[in-house]
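One structure is given here, and the rest of the page talks about it.
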Amino acid sequence: MEGLIFLIPAMPLAGFFINLFFGRFLPKRVVGWLATALVGVSFVIALTEYFHLLSLTSAARALAPNLFTWFAVGHLSIHFGAYLDPLSSVMILFVTGVATLIHAYSIGYMDHDPRFRTFFVYLNLFVFSMLVLVLANNFVVAFLGWEGVGACSYWLISFWFDRDSAASAGKKAFIINRIGDFGYMLGMFLLFEVAKSLNYTSVFGNIASSAAHGGHPFISGPQATAIALLLFVGAAGKSAQIPLFVWLVDAMEGPTPVSALIHAATMVTAGVYLMARVAPIIHLSSNAGTVIAIVGAATAFVAATAATAQNDIKKVLAYSTVSQLGYMFLGIGSGAYVAAIFLMITHAFYKALLFLGAGSVIHSLGDEQDIKKMGALYKLMPITGFTFIIAWLSIAGLPPFSGFFSKGDVLLAAYSKSPILWAVGAITAILTAYYMGREVYLVFFGSPRYREALTNHDGHGAHSEPHESPKVMTVPLIILAIASILAGVMNLGISSSTDFLTNWLMPVFGKAQANLTFGGGTKVILEVGDIVFALLGIFIATRAWSKTASNPSLEVGFLKKGWQIDHLFDSVFARGSSGLAIELNEIVDNEVIDGAVNGSGRLIGALGGSLRGIQSGYVRSYALIISFGVVLILGFVITRAGL
């Protein structure tokens, strides 16, 4: 069974190579279905491995087969291998499962794109990189996958590179992720300096052993704080936390399936996974968790407020993703690692559903993305509309949808950590239900404003009347809608016997997992509060947007521009560094470097001018100079010889 683990990333890698070298000779549909099938095979193998782990005792649920030794330098030995435990098994299941559906959806969505085959080459490589990241047995191999998803995201976001906005968005994502990667590397270097290893089993095993024997801690508190926060910088870049979240909004320039893949199940969850993986290190720190929770809560609130004023159907969802990721980090910082993973899983389902539903609408309207130019689409696109509403109710946190259970767990943990953090999360929950309700009403209900939008298009992909998408696109919507409803059963929270996900992941987190206890009816009051927040947001959205597409008082200008954070970065860093470069060019290049070069030239010229006088052209003058030189040389030789 251990040998099968390597087949999980090998399947999409095989799809990458087959379509890269032979895709041009195959029909388009064959390319698409081959790429989809191979990711589907990875899902089946991941499911098989899950049941294999389930058959083992909880203490034995960690498989660590090695494939080969990558390199060995001094005390550092890196083995290219896998690490399959309950945490990584959960990750690979929803990564491969959701990615399979997105691949299938892409066959219909990208059907008319001239670079159809290239798109699936990138998709397969993206999934392979994510699986390497998740299944890695050490921080270095994980970093290989980490960089792989970063490179693939650049190619996919800028897939339509003939658009300046897409090319710029790809570069922006790449550069900002490099900033986060610097934090990851520093954290990894410091960890090796302290622990003398980068292998998961060695590092976490030594931490557990040190704690069990009560001796000197394997990693001290200050060291743990530094390592955790440096790794968090990397996680903040990949999972779009303040201040490194601006790339994720511009990532909407890529094809919609890319948005679903990046924002739902893969790249943006990598940072959350990393923080969950290093939970034992965070647990050793007295401050790292608080910092992570504060950043997560602030990100959730800022992104949610920005989402309330967006008119681009995908940008609303982009800010929503940033906000939901903030919730996950709020859970991580509160010590509720299971709650964070639970929210990550449910979010993968309903956010993928929202993006694919948005893609279905865009596809039907000839690439129109402005929600103010839509409306009344529910009757024309009933499957897309119905599944989109299910995703809305789930992300809003309304029972019995999955978002109610997962988001509720995070808010419970936040309340235990700090009532202030809980209050920020509660306000964000209201905003979430509101801005998604606003999008639903403007897209699927109200007056039909899409006719003008279709008339303004050049006809490519446009139709005289919007229509439901083909089955290859609607079937994934239906499957994701079912998952968005039922995923909550993984961790119902009624009793310990119904907390399946908690029981599954507890061997991984152990003492790092916060033990939440509430007196009296506090827990019931907080859960009722979650329902009230969802209903309040839905009510406000209904009153404000069910009958109109214009409500300027609720669309604040600076929120529409994302709190002007992009403008701030452009002014301070982009324009500031450009201005500094210009000044340095004037001072260093023109004055120092050019001055030194030109000064040397002038000095040589002056010396040449001074010596020019001795070039008289008279032989007797040259003979006199030579004689003088000979006398000097003889004098020097006689002096050195002591004669």
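FYI, it's all coordinate maths here, none of it is from the lab. All values derive from a computational prediction rather than experimental measurement. Don't worry about glycine lacking a Cβ; one is built from the backbone with ideal geometry, like all the others, and counts go over all protein chains shown.
Considering only the other residues whose Cβ falls under 12 Å of the Cβ of residue 18, what net charge follows from Lys and Arg at +1 and Asp and Glu at -1?
+2
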For the stretch 391-453 and the stretch 467-486, what is the separation of their Cα centres, given in Å?
20 Å
Selection from 331, 260, 600 lying farthest towards where the dipole of the chain points positive, charges on Cβ
600
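Rounded to the nearest 20 Debye, what is the dipole magnitude of the stretch 390-541 about its Cα centre when Lys and Arg each give +1 and Asp and Glu each give -1 at the C-beta?
Numbers: 8 positive and 9 negative charges, 66 e Å.
Computed about the Cα centre, the dipole is about 320 debye.
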Counted neighbours (other Cβ, 10 Å), sorted fewest up, put 184, 154 in the order 154, 184
Give me the angle, in degrees from 0 to 90, between the Cα long axis of helix 139-157 and the longest principal axis of the Cα atoms of the chain, rounded to the nearest 10.
80 degrees
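Going by how many other beta carbons lie within 10 Å of each one, how would you line up 418, 616, fewest first?
616, 418
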Where a label projected 7 Å from the Cα of residue 17 along Cα→Cβ would reach, residues of the stretch 89-131 with amide N under 18 Å:
121-131
Of the listed peptides 189-197, 317-325, what is their order by residue-averaged count of other C-beta atoms within 10 Å, with the highest listed first?
317-325, 189-197
Expected sort for 120, 182 with the fewest Cβ neighbours (10 Å cutoff) up front is 182, 120
Charge dipole of the chain about the Cα centre (unit charges at C-beta), most positive-ward option of 535, 150, 424
150
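Quick check: residue separation of residue 590 and residue 575 times 0.36 nm, minus the Cα distance between them. What number comes out in nm? Intermediate values should be presented prior to the final figure.
Values: separation 15, 0.36 × 15 = 5.40 nm, distance 2.10 nm.
Gain on extension, residue 590 to residue 575, equals 3.3 nm.
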Ranked highest first by average number of other Cβ atoms within 10 Å, how do 276-285, 74-83, 523-532, 572-581 line up?
276-285, 74-83, 523-532, 572-581
With axes computed from alpha carbons, what is the tilt in degrees of helix 594-611 against the longest principal axis of the chain, rounded to the nearest 10 within 0 to 90?
10 degrees
Around residue 136, which amide H atoms from residues at least 5 apart in sequence, or from another chain, sit under 5 Å from its own amide H, with H modelled in the peptide plane?
83
Given the rule -39500 (n - 2.57) for each run of at least 4 DSSP H residues, summed and divided by the residues of the chain, what is its mean residue ellipticity at 222 nm, to the nearest 500 deg cm²/dmol?
-22500 deg cm²/dmol
Whole percent per 10 Å bin, from 0 to the bin with the longest distance: what is P(r) over all C-alpha pairs of the chain?
3, 15, 25, 23, 14, 6, 3, 3, 3, 3, 1, 0
Between residue 206 and residue 486, what is the FRET efficiency for a Förster distance of 41 Å, r being their Cβ-Cβ separation, to the nearest 0.05?
0.55
Size of charge dipole - the stretch 288-560 - debye, nearest 20, with Cβ of Lys, Arg +1 and Asp, Glu -1, no other charges
280 debye
Hey, with R₀ at 35 Å, roughly what FRET efficiency would residue 47 and residue 73 work out to, going by the Cβ-Cβ distance, to 0.05?
0.40
Under 19 Å from the Cα of residue 372 - lysines, other chains or at least 8 residues apart
314, 315, 547, 560, 561
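Give the average over all directions of the projected area of the C-alpha convex hull of the stretch 288-560, one decimal, in nm².
14.7 nm²
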So how far, in whole Å, is the C-alpha centre of the stretch 234-271 from the one of the stretch 67-146?
16 Å
Between helix 500-509 and the chain, what is the angle of the helix's C-alpha long axis to the longest principal axis, kept within 0 to 90° and rounded to the nearest 10?
30 degrees
Listed by chain and number, the residues whose amide H is under 5 Å from that of residue 80, excluding neighbours fewer than 5 places away on the same chain and using placed H, are 67, 68, 69, 70
Which one, 195, 101, 159, projects farthest toward the positive side of the charge dipole computed for the chain from Cβ point charges (K/R +1, D/E -1)?
195
Any idea what the dipole of the stretch 71-184 comes to, in debye rounded to 20, about its Cα centre with Lys/Arg Cβ at +1 and Asp/Glu Cβ at -1?
160 debye
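Taking all pairs of different Cα atoms in the stretch 571-641, averaging 1/r and flipping that mean, what Kirkwood radius in angstroms comes out?
Final number for the Kirkwood radius of the stretch 571-641 is 17.0 Å.
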Geometric extent, Cα atoms of the stretch 351-419 - Rg, Dmax (angstrom):
15.8, 48
Please give the net charge around residue 252, taking every other residue with its beta carbon less than 11 angstrom from that of residue 252, where Lys and Arg add +1 and Asp and Glu add -1.
-1
If you find the alpha carbon centre of the stretch 337-380 and of the stretch 574-590, how far apart are they in angstrom?
44 Å
Ranked highest first by average number of other Cβ atoms within 10 Å, how do 490-496, 253-259, 168-174 line up?
253-259, 168-174, 490-496
